[in-house]
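The values are calculated or read from the model by the stated rules, or taken from the named source; none is laboratory data. Given the structure is predicted, the values throughout are model-derived calculations rather than measurements. Here the Cβ positions follow ideal geometry from the backbone for every residue, glycine too, while neighbour counts run over all protein chains shown. Surface areas here come from the heavy atoms of the whole protein model, side chains and all, with no ligands, DNA or RNA. Shrake-Rupley method; radii C 1.70, N 1.55, O 1.52, S 1.80 Å.
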Amino acid sequence: TGCSGSSGESSDTIKIGANLELTGNSASYGTSAKNGIEMAVKEINDAGGLLGKKIEVSYADNRSEATEAANAMQKLLDDQVDFIVGPDTSSGALACVATADQEKIPMISPFGTNPDITVDPATHNVRPYVFRAAFIDTFQGKAMADFVADTLKAKKVAVYVDNSSDYSKGLQKFFEEEFGKKGGSIVATEAYLQKDTDFKAALTKIKAANPDVIYVPGYYQEVGMIIKQAREMGMTQPIVGGDGWDSTKLAEIAGAANLVDCYFSNHYSSDDTSEVVQNFVSNYQKAYGQKPDAPAAVAYDSMMILAQAIKDANSTDKDTVKAALEKISGFNAVSGKISFNEFHDPVKSAVVLSFKDGKQIFVTKVEP
Amino acid sequence: MEGTLWLQFVQQLINGISLGSIYALIALGYTMVYGIMKLINFAHGDIYMIGSYVGFFAITAMGLPFVPAILAAMVMTGILGMVVERLAYKPLRHSPKIAILTTAIGVSLFLEYTTMLALSPQPRTFPHVLDNSVYHIGGLVISFQQIVIFLISVVLMLILTYVVNYTKMGKAMRAVSYDPDAAQLMGINVDKTISFTFCIGSSLAGAAGVLVGIYYNSIEPLMGIMPGMKAFVAAVLGGIGIIPGAMTGGIILGVVEAMVSGFISSTFRDAAAFAILIIILLIKPTGLFGKNEREKV
Amino acid sequence: MSLLELKDINVYYGAIHALKGISLNVEEGQVVSLIGANGAGKTTTLRTISGLLRSKTGSISFMGKELRHESAESIVRLGISHCPEGRRVFADMSVKENLEMGAFTRKDKKEISQTMDMIYDHFPRLKERMNQMAGTLSGGEQQMLAMGRALMSKPKLLLLDEPSMGLAPILVKEIFNMVQEIHNMGTTVLLVEQNARMALAISDYAYVLETGHISLEGEAKSLAESEEVRKVYLGG
Amino acid sequence: MDPLLKTNNVSISFGGIKAVQDFNIVLNRGELVGLIGPNGAGKTTAFNLLTGVYQPTTGTIEFDGVDVTGMKPYKITQHGIARTFQNIRLFGNLTVLDNVKIACNYLVNYSLAEAILRVGRYGKEEERIEREAIELLRLFKLDDKKDELASNLPYGLQRHLEIARALAARPKLLLLDEPAAGMNPQETLDLMHLIEEIRKRFELTILLIEHDMSLVMGICERLYVLEFGKILAQGIPQEIKSNADVIRAYLGEEV
Amino acid sequence: MAERIVSSFWRLNISLICLNVMLASSLNLINGVTGQFSLGHAGFMAVGAYVSAVCTVFLHLPFVVSLIGGAAAAGLLGFLVGVPTLRLQGDYLAIATLGMGEIIRICILNIQQVGGASGMSGIPRDTTFPWLFFCMVVTLFVLKNIIHSKQGRACLAVRENAIAAEAMGIDTTAFKVFAFTIASMFAGLAGALFSHYFGIAHPSSFTFMRSFDIMTMVVLGGLGSLSGSVIGAFILTLIAAVMQSYPEYRMIVYALLLIILMLYRPNGILGNKELAELMLSKWKKGGRGDGPVAENK
Ligand SMILES: Nc1ncnc2c1ncn2[C@@H]1O[C@H](COP(=O)(O)OP(=O)(O)OP(=O)(O)O)[C@@H](O)[C@H]1O
Ligand SMILES: Nc1ncnc2c1ncn2[C@@H]1O[C@H](COP(=O)(O)OP(=O)(O)OP(=O)(O)O)[C@@H](O)[C@H]1O
Ligand SMILES: [Mg+2]
Ligand SMILES: [Mg+2]
């Protein structure tokens, strides 16, 4: 439709569409994200809303699948939402980006890490209406490679990657690149799939390769079992990973004792003393009875960034808000101080965390 | 180098057998229901999931130890199996098989998403209820739980084989599977027999759910899909409906997966598992233990 | 009181009205034949008695007990055994197992094996093929097995649906001899047959079924002589 | 003498059971021959060997000058042998008409492209086989039931339809496996006339398995008697009737 | 313009209906008409989706050529897969085809050139509604004409009784492969349209769950009924769309509806009849056209 005039202008609510993985394989991330968004919205509305208007969220389920994500996107457009948050998975986000640009509706993918989400690979043009809140794989992979090479002083690394997740494969790629540059070598590359439960075979192979460190850029559910099984098999090397590890479940699944010498890169540390983080963690725990995980945090941030942009724009006009989003800089989010670069990707610091008695402890901070 | 390769091979064999006995554990119930009903009960994997949740709550909320928890799970899933059969499959007994299969898919989705709605999609972790010591023997690693699971699946296989082949109920089950009408004329209560079959098959799945839940220490509402599928593959591999076949199929599948992961590439693990299945079926179209029966003309 | 008494039985297959108000009696100790053309409803009658089909109306009483709402399986326990049309042996069970299935409702192992020996005496072929899968038996062999299996429950009333179908002449004679022998042992028999001549020869009483109702009945001998029956069912 | 079918020492065994041994028969063009024998003698198995359902362990089958041993069933049918089945095997959920049409499938001449685009020979050929199928059905008095599902036909008519379907394949040799099973004497008599008629009209050679002696003795010109997979006797019906071996093994004493 | 009348959401869902109609009706040729039980349709769809995407993205071929390329590749693969596997029967065939579909997907997952796990993005969005509609009509037209030809009758004969079909001069193997190839081709065409509609091709779109979905549409509509497949695709796509607003209950309601519909119409909505036949018989008899009688063993 040619008329991009905002329907929200006249109404007394701002409608946000959340396109999330509420069912299907990635449902646990989608529901965390939903919690994060709900919490952000509640905070905003309790504080009087935005521009004097309340925020209202329509949720749409994309069954963790690309087609359905496109379908959910259309559903939200049909509901006349003003802005889109989601989808979480890269594949879901990729299925929506063209529509966002076409309909000129700003969209923030909280957790989509694939570079193509914000930059059209065919034309190398930035997609004008698409943003993301998570770091892209480059930064995190690089940060961890540096940590492994410099702090852990490792020369030989085995990579155990989630073959069904482009997030994991993205981290793997950039980790390997950077680690190679640092003069390290990758002695084994193994892969698993989401929902796998038995990792012993690949671990046996990794064990035989005798690496100094094992890099497992996956999600906590599988990673927990991987760490547990690796330790049971007598593998004592440090095991490191990315923000997908961030959940209290990790310690439960892996067992606190097994988490010795495990490190991961993250957006924030839940024992970061900053007020934003502390408030977020305690409020989240109050509301949902569990500690927030990474998808919850970045979804919360996405909503907050969007709110900030609306505030900055002092309007709900889509183009104005989009322009305001581009100017976001130094925004104090749970997942760090966020600025958008020219590719609509957030520039923020990363932290490296470790565990003590199953609790995350802060190790170091990596600036971009 | 020779030595370590050999060691690796044996370790992978152990890994494979341990993984395979889990497939076998689920496949036993699968094959049993199939053997009698000729129905691929796609909800079987989800009953396994429910079993692990029942076990989880029995242990965490009610504080039951391992054995009572597993029994509780078996009872509950046994009942669930019978209820599902009664409500969703029985009315379709005289319909085309593929109709029941479709309903089974519906039941499967229903169980998955009701659980997800009720208990959230987040994974849960089992408390420590079963000894999880690990033995390191000359470079090989094996855990107590692996041994338990293997032994339980072997014992269950033996019991089931005996029940189906030598007890009156077992014979009734077989008769019903060939010709329900004729079975009725023998004085067999077809409804009861089928209910019983579902009860046994489902409670096996329930037991497997608890064991596997404890072993991997993580359960979630969609955990039944892949093992269900693999167990189904295992059952077919061995000759669907044949109890020792399910066991063998499970072990073969597990070992193939371990060997492919260990010596080829873990990326092609599942593809290799399916490829083995297809190759075996092409050589023996009714599975390893399946009788190559031809319809008499 | 008759052993079996059917009153006003109406059976439908969906829209098809297969039995239209049938009433018949089987006296204890008799052999009663049911003859009629293809599709007349003979099989349907037997299936209704044994509980595989339900009548919409009327009553079926066996030894004074109403069967119309009993399940097929409990009817077997009451002493009615049905040897179905088309053999219906359990294809993937051995001959022996099939016979054992026939005795499903019986407990006494010794008696069961006696009955089995009796059946093996009559059908030595079955004894020979004791361990062969029933599905691979020839048509005739399967028919013997089905009969044998029905007898394994030691029924008071045996329902036989075309037991001679597909059998060699020598076996047809054997089957009819056997029916008579069963009868002599005190079992009442309700026999459905295309081979009306032989059926009538061994029966006490007979009913002729025509498209869902009984068109004729009477003493078997007198029916065999009746002009109508001769023409249509005995081949002139 | 012009033999249409000739078998040389055909044998097959299943596991330990020698179902058919050294089966040697000769059928001359236009003959109507019966194949009888006790249950389990191997008659149906012999049919299965002739039609390629089973491959003989040894021996050869020569049909119409061609060695058809080891051919797939559909090839053999296309060479001119059609059959009926002891256990009726109709296409139950298809109409009576379609059952017959399917049998002449290989005689229909149009390509897939013509069928998809509905051009060329498609219309003409469809019309032709429809006409021919209905003609056949008329012969069997089934033309008024042509749109009914085959499985809804009464048993007797199903047997007729099987024969009609076999004829639609335009065979030179027709194999009938117990066509009169389950029929009463009157129906058997009618069937006898029908067989005579189709034999004349289609210039068929017929080999027929049957346990109903009124039919066998009534229309067969020659008989083969099988016992334990071997040919026990052969000859004209009169000879067979009084053959002591056949009486012992098959017919039994006259009551 | 259509865009004014129909909202974009419904436009998308109408497009999805077209795609699903193509998928369901082609699968019906295998499962319904030929009576072979295939569960690998998603795999062939994936082949079409990826091959066509490679054609447009890497080879810069025109859209039409890519469509044909995708369909042809899927058809060819269907042929190659069909020749060995179609010797299998019933559930064995089902699991083998399911395995085939998964192997295809895992292979794609491991081909980095087409994006591997990230999927392939940047595919030109050339599929417009007229294209979809046109292809759907072509699919239905071709399938209908095949079914009503001697080839179609041969397939039906294979379904009804393979032994009798063989005895009637029909090369059953050839016709099974024929049906499989044609159906794979149309699945490939649907896949090609699919990837050019969404602009991406992702392995997660072609899991066995999608094969199940397609099978469900076929069964719900009525096995062997082309109009049934259309209705099945229509209804299930619609249910999914309507339930979009209730994400939590969505899958539960979908599952329940599926079960209830199957219980209510075990032979599918249209049975094995075509819509036109049913309407005609209703009009003629003035009564309801009875579904097929339940099979009486
Ligand atoms: N399952 C069924 N569905 C529909 N109609 C049926 C069914 N079974 C039988 N019928 C019909 O019911 C009527 C009676 O059939 P039944 O089988 O009782 O006849 P019958 O006397 O035993 O014949 P036959 O001598 O062929 O065995 C026939 O018209 C038949 O077509
Ligand atoms: N597929 C098979 N597997 C094992 N044994 C078989 C098979 N087919 C037939 N037989 C055996 O071969 C013998 C011949 O069977 P066949 O069916 O040819 O007999 P028949 O002469 O047609 O008998 P009937 O007159 O009873 O039909 C039988 O003993 C049968 O058990
Ligand atoms: Mg009958
Ligand atoms: Mg025979």
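Jot down the radius of gyration and Dmax of region A:281-322, Cα atoms only, both in angstrom.
Cα radius of gyration and Dmax of region A:281-322 are 13.6, 38 Å respectively.
If you count only protein heavy atoms and use a 1.4 Å probe, how large is the accessible surface of E:Thr85, to the nearest 10 Å²?
For E:Thr85, the solvent-accessible surface is approximately 0 Å².
Give, in whole angstrom and from largest to smallest, the semi-axes √(5λ) of the equivalent ellipsoid of chain A, with λ running over the eigenvalues of the Cα gyration tensor.
On the way: eigenvalues 254, 83, 67 Å².
Gyration-tensor ellipsoid for chain A: 36, 20, 18 Å.
Which one, D:Pro179, D:Ile231, D:Leu194, is farthest towards the positive end of the dipole of region D:177-255 when Lys and Arg carry +1 and Asp and Glu -1 on their Cβ?
Sorting the options by dipole projection puts first D:Ile231.
Based on the Cα coordinates of region D:92-155, what is the per residue volume of their convex hull in Å³? Don't skip to the end; give the middle numbers.
Details: hull volume 5.7 nm³, N = 64.
It is 89 Å³ per residue.
Among the listed pairs B:Lys97/E:Lys150; A:Lys169/A:Lys205; A:Lys53/A:Lys291; B:Lys171/B:Lys230; A:Lys291/A:Lys348; A:Lys249/A:Lys311, give every one whose C-alpha distance is greater than 24 Å.
On the way: B:Lys97/E:Lys150 27 Å; A:Lys169/A:Lys205 20 Å; A:Lys53/A:Lys291 30 Å; B:Lys171/B:Lys230 28 Å; A:Lys291/A:Lys348 22 Å; A:Lys249/A:Lys311 36 Å.
Beyond 24 Å between Cα atoms: B:Lys97/E:Lys150; A:Lys53/A:Lys291; B:Lys171/B:Lys230; A:Lys249/A:Lys311.
Just counting partner chain Cβ atoms within 10 Å, what average do the residues of peptide A:18-25 show around their Cβ?
Working: counts 1, 0, 1, 1, 6, 14, 9, 6.
Mean shielding count: 5.
For chain D, what are the per-bin percents of Cα-Cα distances with bins 5 Å wide, up to the bin holding the maximum?
Once binned at 5 Å, the Cα pair distances of chain D give 1, 6, 13, 16, 18, 16, 12, 8, 5, 2, 1, 0, 0, 0.
Along the positive direction of the dipole of chain E (beta-carbon charges: Lys, Arg +1; Asp, Glu -1; about the Cα centre), which of E:Gly40, E:Ser229, E:Phe178 reaches farthest?
E:Ser229
For region B:94-184, just say rounded, prolate or oblate: build the C-alpha gyration tensor, square-root its eigenvalues into a ≥ b ≥ c, call rounded for a/c under 1.5, and beyond that prolate if a/b exceeds b/c, oblate if not. Numbers along the way, then the final one.
Details: a/c = 3.39, a/b = 1.35, b/c = 2.51.
Because a/c hits 1.5 or more and a/b fails to exceed b/c, region B:94-184 counts as oblate.
Distance in nm between label sites at A:Asn283 and A:Leu51, each 7 Å beyond Cα in the beta-carbon direction?
The modelled label-to-label distance comes out at 2.2 nm.
Got a sec? What order do B:Phe144, C:Phe123 fall in by accessible area at 1.4 Å, biggest, i.e. largest, first?
Largest to smallest exposure gives the sequence B:Phe144, C:Phe123.
Helix B:144-166 versus the longest principal axis of chain B: what is the Cα-based angle in degrees, 0 to 90, to the nearest 10?
Orientation of helix B:144-166: about 20 degrees from the principal axis.
Can you work out the accessible area per residue across the protein assembly as shown, with the rest of the protein chains kept in place, probe 1.4 Å, in square angstrom? Intermediate results must be reported in sequence, preceding the final value.
Working: 50780 Å² over 1453 residues.
It amounts to 35 Å² per residue over the protein assembly as shown.
What's the local net charge at A:Leu22, with K and R +1, D and E -1, over the other residues with C-beta under 14 Å away? Walk me through the intermediate numbers first.
Working: positive: A:Lys34, A:Arg63, A:Lys75, E:Arg250; negative: A:Glu21, A:Glu38, A:Asp61, A:Glu65, A:Glu68, A:Asp88, B:Glu112, E:Glu248.
Its environment carries a net charge of -4.
With point charges of +1 on the Cβ of Lys and Arg and -1 on the Cβ of Asp and Glu, referenced to the Cα centre of chain A, which listed residue (A:Ala208, A:Thr273, A:Ile239) lies farthest in the positive direction of the dipole?
So the residue furthest toward the plus end is A:Ala208.
List every residue whose amide H lies under 5 Å from the amide H of A:Gly241, counting only residues 5 or more places away in sequence or on a different chain, with H placed 1.01 Å from N in the peptide plane.
For A:Gly241, the qualifying residues are A:Val216, A:Tyr263, A:Phe264, A:Ser265.
Go through C:Lys96/C:Lys156; A:Lys155/A:Lys365; B:Lys192/B:Lys284; C:Lys110/C:Lys156; C:Lys231/D:Lys43 and tell me which ones have a Cα-Cα distance over 30 Å in this structure.
The answer is B:Lys192/B:Lys284; C:Lys231/D:Lys43.
Given Cβ point charges of +1 (Lys, Arg) and -1 (Asp, Glu) and nothing else, what value in debye, to the nearest 20, does the dipole of the protein assembly as shown about its Cα centre take? If you can, show how the numbers build up before the last one.
Working: 127 positive and 138 negative charges, 168 e Å.
Roughly 800 debye for the protein assembly as shown.
Taking amide H atoms as placed 1.01 Å from N in the peptide plane, list the residues 5 or more away in sequence, or in a different chain, whose amide H sits under 5 Å from that of A:Glu190.
Under 5 Å from the amide H of A:Glu190 lie the amide H atoms of A:Val159, A:Tyr160, A:Val161, each far enough along the sequence or on another chain.
Would you mind getting the Kirkwood hydrodynamic radius of the protein assembly as shown from its Cα pairs, rounded to one decimal in Å? Walk me through the numbers before you get to the answer.
On the way: mean 1/r = 0.0285 Å⁻¹.
Every distinct Cα pair counted, the radius reaches 35.1 Å.
Using the Karplus equation 6.51 cos²θ - 1.76 cosθ + 1.60 (θ = phi - 60°), what ³J(HN,Hα) coupling, rounded to whole Hz, does each residue of region C:132-148 give in order, writing x for Gly and Pro?
With coefficients 6.51, -1.76 and 1.60, one gets 6, 5, 4, x, 9, 6, 6, x, x, 4, 5, 5, 4, 5, 4, 5, x Hz.
Which value, in debye to the nearest 20, gives the size of the charge dipole of region B:1-158 about its Cα centre, when Lys and Arg are +1 and Asp and Glu are -1 at the Cβ? Spell out each step's value before the answer.
Details: 6 positive and 5 negative charges, 119 e Å.
Its charge dipole is roughly 580 debye.
Angle, helix D:121-139 long axis vs. longest principal axis of chain D, Cα atoms, 0 to 90°, nearest 10?
It works out to around 40 degrees.
In what order, largest first, do D:Met217, A:Met303 sit by accessible area if the probe radius is 1.4 Å? Working shown, then result.
Numbers: D:Met217 35, A:Met303 0 Å².
The ordering from most to least exposed comes out as D:Met217, A:Met303.
In a GNM of chain A with a 10 Å cut-off on Cα contacts, which of A:Ile214, A:Ile44, A:Ile239 has the highest mean-square fluctuation?
Most flexible of the set in this elastic network: A:Ile44.
Which percent of Cα-Cα pairs in region B:150-278 sits in each 5 Å bin, short to long?
2, 9, 15, 19, 18, 15, 9, 6, 4, 2, 1, 0
Under the definition of Cα pairs under 8 Å and six or more residues apart, what whole-number percent is the relative contact order of region C:80-165? Before the final figure, lay out the partial values.
Working: 120 pairs, mean separation 47.4, N = 86.
With pairs under 8 Å counted, the relative contact order is 55 percent.
Based only on Cα atoms, what mean projected area does the convex hull of region D:62-182 have, in nm²?
8.5
Net charge within 14 Å of B:Val141 by Cβ-Cβ distance, Lys/Arg positive one each and Asp/Glu negative one each, not counting B:Val141 itself? Present the calculation step by step, with values, prior to reporting the outcome.
Numbers: positive: A:Lys200, A:Lys205, A:Lys207, A:Lys228, A:Arg231; negative: A:Asp198, A:Glu232.
Charge balance near B:Val141 sits at +3.
Given the Cα-Cα distance of D:Asn109 and D:Phe228 and 0.36 nm per residue of separation, how much length would full extension add, in nm? Don't jump to the answer; show the numbers that get you there.
Numbers: separation 119, 0.36 × 119 = 42.84 nm, distance 4.42 nm.
Once the chain is fully extended between D:Asn109 and D:Phe228, it gains 38.4 nm.
Exceeding 25 Å between C-alpha atoms, which entries from my cross-link table qualify? They are D:Lys141/D:Lys241; C:Lys173/D:Lys241; A:Lys42/A:Lys75. Intermediate results must be reported in sequence, preceding the final value.
Working: D:Lys141/D:Lys241 34 Å; C:Lys173/D:Lys241 16 Å; A:Lys42/A:Lys75 23 Å.
The answer is D:Lys141/D:Lys241.
Whose amide H sits under 5 Å from the amide H of C:His213, counting only residues 5 or more places off or on another chain, with H placed in the peptide plane?
Amide H to amide H, under 5 Å and 5 or more residues apart or across chains, C:His213 pairs with C:Lys20.
How big is the accessible area of C:Thr115 in square angstrom, nearest 10, if you roll a 1.4 angstrom probe over the protein chains?
Approximately 10 Å² of C:Thr115 is accessible to the 1.4 Å probe.
Taking the Cα centre of region E:7-206 as origin, sum charge times position over the Cβ atoms of Lys and Arg (+1) and Asp and Glu (-1), and report the length of that vector in debye to the nearest 20. Before the final figure, lay out each step's value.
Details: 9 positive and 6 negative charges, 51 e Å.
That gives a dipole near 240 debye.
Just add up the charged neighbours of A:Ala296: K/R +1, D/E -1, any other residue whose Cβ is under 14 Å from the Cβ of A:Ala296. The partial results should precede the final answer.
Details: positive: A:Lys34, A:Lys42, A:Lys249, A:Lys286, A:Lys291; negative: A:Glu21, A:Glu38, A:Glu43, A:Asp88, A:Asp243, A:Asp246, A:Asp293, A:Asp301.
Taking every other residue near A:Ala296 into account, the sum is -3.
Using heavy-atom solvent-accessible surface (probe 1.4 Å) with all chains present, what is the largest-first order of A:His124, E:His148, B:His44?
Largest accessible area first, the residues go A:His124, E:His148, B:His44.
I need the Kirkwood Rh of region E:7-206: take the reciprocal of the average 1/r across all distinct C-alpha pairs and report it in angstrom. Intermediate results must be reported in sequence, preceding the final value.
Working: mean 1/r = 0.0593 Å⁻¹.
Answer for region E:7-206: a Kirkwood hydrodynamic radius of 16.9 Å.
Could you compute how fast region A:253-298 diffuses translationally, taking Rh as the Kirkwood radius over C-alpha pairs and applying Stokes-Einstein at 25 °C with viscosity 0.890 mPa s? Give it in µm² per second. Mind dumping the intermediate values first?
Numbers: Rh = 12.0 Å.
It diffuses with D of about 205 µm²/s by this estimate.
Given the alpha-carbon gyration tensor of region C:54-210, what are the semi-axes of its equivalent ellipsoid in whole angstrom, ordered largest first, with each equal to the square root of 5 times an eigenvalue? Numbers along the way, then the final one.
Working: eigenvalues 117, 81, 44 Å².
The answer is 24, 20, 15 Å, longest axis first.
Just need the relative contact order of region E:83-173 here, percent rounded to a whole number, with Cα pairs under 8 Å and 6+ apart. Don't skip to the answer; put the middle values down first.
Details: 31 pairs, mean separation 16.5, N = 91.
So the answer I get is 18 percent.
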